[in-house]
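Encoded as C-alpha cells, here's the structure I'll be asking about.
The values are calculated or read from the model by the stated rules, or taken from the named source; none is laboratory data. In this text, all values refer to a predicted model and were calculated from it rather than measured experimentally. When we count neighbours, we look across all protein chains shown, and the Cβ atoms used for this are built from the backbone with ideal geometry, even at glycine. Quick note on the areas: whole protein, heavy atoms, side chains included, nothing else; ligands and nucleic acids left out. Shrake-Rupley method; radii C 1.70, N 1.55, O 1.52, S 1.80 Å.
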Amino acid sequence: MGRLGLGAHFGGLAAQLDGVFGADGVFPHDRLRFVDFVDDVEELLEKVAWQEGGDKKAADGFEEYMLQHYRG
C-alpha cells in the first residue's frame, strides 16, 4: 500500500480485518474459506484506491498473488 501512496489507510484496513485471525494468529479455516477472505481484502483495497481518487484496478492482482503464494 505504501508503494501506491495509500499507506495512511493501513490502520483503517487493519481495524476492519481485526478479529479474523485467532488470538494465536492462526487463520480460522474452519469458519472462513481463505479464498473468501482474500476476495474481501481485495474489495477493501479497491475501496481505498477509489476513495483516494485512484483507479480500483490498483488492487487488481492482489487476490491472484495471495492465492498463488499462500494457498495450501
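What ranking, highest mean first, results for peptides 16-28, 32-44 when packing means the other Cβ atoms within 10 Å averaged over each residue? Show your work: numbers first, answer last.
Values: 16-28: 9.8, 32-44: 14.5.
Per-residue mean Cβ counts within 10 Å order the peptides as 32-44, 16-28.
Next up: Over all distinct alpha-carbon pairs, what is the Kirkwood Rh of region 6-70 in angstrom? Working shown, then result.
On the way: mean 1/r = 0.0786 Å⁻¹.
The Cα-based Kirkwood calculation yields 12.7 Å.
Taking a probe of 1.4 Å, how large is the accessible area per residue of region 6-70, in Å²? Intermediate results must be reported in sequence, preceding the final value.
Values: 4540 Å² over 65 residues.
Ligands and nucleic acids excluded, the result is 70 Å² per residue.
Could you tell me what percent of the accessible area of region 6-70 is made up of carbon and sulfur, with a 1.4 Å probe and every protein chain present?
Carbon and sulfur together cover 53 percent of it.
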